[in-house]
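J.: What follows is a single structure, and I will ask about it in a moment.
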Amino acid sequence: MRYYLDPFGCVKNQVDAETMMAFLNGAHWAAAEDPAEADLIIINSCGFIESAKQESINAVLAYRKTYPDTKIVLAGCLAQRYAQELSKALPEADLLFGNQDLSKILEAVSIILEDSPVKEGSGNILIPKTAAYSFSGKRPLLSLPGSAYIKISEGCNNRCTFCAIPRIRGPLVSRPVPQALEECRELLDRGIRELCLIGQDIGSYWTDRIAGSGESRLPELLEALSKLEGRFWVRLLYIHPDHFPLPILDIIRRDSRFVPYFDLPFQHGSHRILKAMNRRGTAESYLALIDRIRTMLPDAVLRSTFLTGFPGETEEDFQALLDFQNKARLDWVGCFTYSREEDTPAYSMKPRIPKILAAKRKRIIEEQQVPITEKQMNRFIGRILDVLVEEQAAGENGLYLGRLFCHAPEVDGSAVIRSAVPLEPGTLIRGNVCARAGFDLEVAAIDSSV
Ligand code: SF4
């Protein structure tokens, strides 16, 4: 039997897709390259914001139209969040499968292929109640060559007022250090050279297991990882800036395999708006954190996310965000417009900001960020750095694409690598950064044998 899985949404969802594939492969299913060859189509949906939800629903409708007889499972966050509504409104999906216990994908498959009864659900809904991240073993990877995402926690306890994720993914559940470590070791044995640690907020790692202290055990996990042998990168993605675990800075300074790259979603620069978002930080405390990181790690690369159009955002608030952006001089910034999500505290907040104004403010942020990013990337010109090779540029001999430590997968610029010798995708080489072209850095390969 063959399945075709179409992943949507964020990298956390991608790990879920890989985990479902691993369970299916373990049950002697095979992944089809083409949905036309599949007995089953699984859409691993995103349910975070309006546009992503619509994209997932459109995918179900498109697959149903093209493959009228193939069974379709709508999995992921959209199914988890709107199972009841969609079971009536979206008959095109044969089954709605939640994201709490992915091992139940085998039960989901047997339900729709053998018409067997639904245990944890009803009709065409299977939403496992218990959060379980039980997979251990060889997970197929949908990530770029040489790179893999490792989920060290699921869910979130932060309760930002605009965010529906805690409702979709539940409260914070951290994976034990030995389990996360074992997965990292297994991936390194498979030749992976970049381990991206992810969660909704990895800065809160293990705070769900220690009553009251709130002290993150991320430093402990990094200490354990630093005992592993070999040459590889560890990249930390998504640390909530309100509780940044400062002890990790010293560990990163001591072991250069931990790349000094931090994705810190600051969201805004106005004190009033940050408070309305239920975020404890201020522009001043965030700038102090940035200073602290850059003092400890002069090479530190910072990425962040800003949100425009949050209810009540005045011109003055927006100006405060622009000022913060200018002072912070972040390397990379992603900006989103506020999406009004039901069941979130911000849903009923007023006054609402017209979408057109929110979009205009987003454009202004993006335009202001271009020269900042370019200037920040200039500082790597003339440096000799590790480069992760990802692919050969199509039809170009001696030209490859890859990333330096200052480039997170799929969101930042790239390294354009010139090499006199053939390079292997998924390997780390040494390269001399010669120039910048837009957001990309041009690199001359100097040693492909590291
Ligand atoms: S930290 Fe805030 S924005 Fe991020 S997942 Fe948690 S509640 Fe949502």
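The values are calculated or read from the model by the stated rules, or taken from the named source; none is laboratory data. Please read these numbers as outputs of a predicted model, since none were measured by experiment. Cβ atoms come from the backbone with ideal geometry, glycine included; neighbour counts cover every protein chain shown. Each accessible area value is taken on the protein alone, full model and side chains, heavy atoms only, with ligands, DNA and RNA left out. Shrake-Rupley method; radii C 1.70, N 1.55, O 1.52, S 1.80 Å.
J.: Carbon and sulfur atoms: what percent of the 1.4 Å accessible area of region 203-253 do they account for?
T.: Here carbon and sulfur together make up 48 percent of the probe-accessible area.
J.: Calculate the dipole size of region 147-378 relative to its Cα centre from +1 charges on Lys and Arg beta carbons and -1 charges on Asp and Glu beta carbons; express the result in debye to the nearest 20.
T.: 320
J.: Let me ask something else. Return a whole-number percent for the relative contact order of region 172-222, with Cα pairs under 8 Å and 6 or more residues apart as the contact set.
T.: With pairs under 8 Å counted, the relative contact order is 36 percent.
J.: ³J(HN,Hα) across region 327-343 via Karplus (A = 6.51, B = -1.76, C = 1.60, θ = phi - 60°), whole Hz, x for Gly/Pro?
T.: These are the phi-based 3J(HN,Hα) values: 6, 6, 6, 6, 6, 9, 9, x, 10, 10, 8, 4, 10, 6, 10, 4, 6 Hz.
J.: For a quick check of understanding: with a 1.4 angstrom probe and all protein chains in place, what accessible area in square angstrom does Asp255 have, to the nearest ten?
T.: Ignoring ligands and nucleic acids, Asp255 comes out at about 20 Å².
J.: Shifting gears a bit: Determine the alpha carbon to alpha carbon distance for each of Lys65/Lys362; Lys88/Lys350; Lys275/Lys355; Lys275/Lys375; Lys327/Lys362; Lys53/Lys88 and list only those over 26 Å.
T.: Over 26 Å apart, Cα to Cα: Lys65/Lys362; Lys88/Lys350; Lys275/Lys375.
J.: Using a 4.7 Å cut-off between beta carbons, which cysteines in the chain end up with no partner cysteine at all?
T.: Flagged as lacking a Cys partner: Cys10, Cys46, Cys77, Cys156, Cys184, Cys196, Cys335, Cys406, Cys434.
J.: With charges set only on the Cβ (+1 for Lys and Arg, -1 for Asp and Glu), what does the dipole of the chain come to about its Cα centre, in debye to the nearest 20?
T.: 1160
J.: Let a ≥ b ≥ c be the square roots of the eigenvalues of the Cα gyration tensor of the chain; is it rounded (a/c under 1.5), or, if not, prolate (a/b larger than b/c) or oblate?
T.: oblate
J.: For a quick check of understanding: with a 1.4 angstrom probe and all protein chains in place, what accessible area in square angstrom does Ile446 have, to the nearest ten?
T.: Its heavy atoms expose roughly 90 Å² to the probe.
J.: Ranked from highest to lowest mean number of other Cβ atoms within 10 Å per residue, what is the order of the peptides 188-196, 41-49?
T.: 41-49, 188-196
J.: As a test of the formula, what do you get for the chain when each DSSP H run with n ≥ 4 contributes -39,500 (n - 2.57) and the sum is divided by the residue count, at 222 nm and rounded to the nearest 500 deg cm²/dmol?
T.: That calculation yields -10500 deg cm²/dmol at 222 nm.
J.: Let me ask something else about it. What are the residues whose amide H is under 5 Å from the amide H of Val443, where those residues sit 5 or more places off or on another chain and H is modelled from the backbone?
T.: Here the answer is Val416, Ile417, Arg418, Cys434, since their amide H atoms fall under 5 Å of that of Val443.
J.: Among 139-145, 237-243, how do they line up from the highest to the lowest mean number of other beta-carbon atoms within 10 Å?
T.: 237-243, 139-145
J.: Work from the charge dipole of region 147-378 (Cβ charges, +1 for Lys and Arg, -1 for Asp and Glu, about the Cα centre) and give the residue of Trp233, Pro166, Pro298 farthest towards its positive end.
T.: Pro166
J.: Over the heavy atoms of Met1, what accessible area does a 1.4 Å probe trace out, to the nearest 10 Å²?
T.: The value for Met1 is about 120 Å².
J.: Per residue, how much accessible surface does the chain expose to a 1.4 Å probe? Answer in Å², no decimals.
T.: Accessible area per residue: 42 Å².
J.: Relative contact order for the chain: what is it in percent, counting Cα pairs under 8 Å that are at least 6 residues apart?
T.: Worked out over the chain, it gives 10 percent.
J.: Take the alpha carbon atoms of region 384-445, find their radius of gyration, then divide it by 2.2 N^0.38 Å using N residues; give the quotient.
T.: Rg over 2.2 N^0.38 Å, computed on Cα atoms: 0.97.
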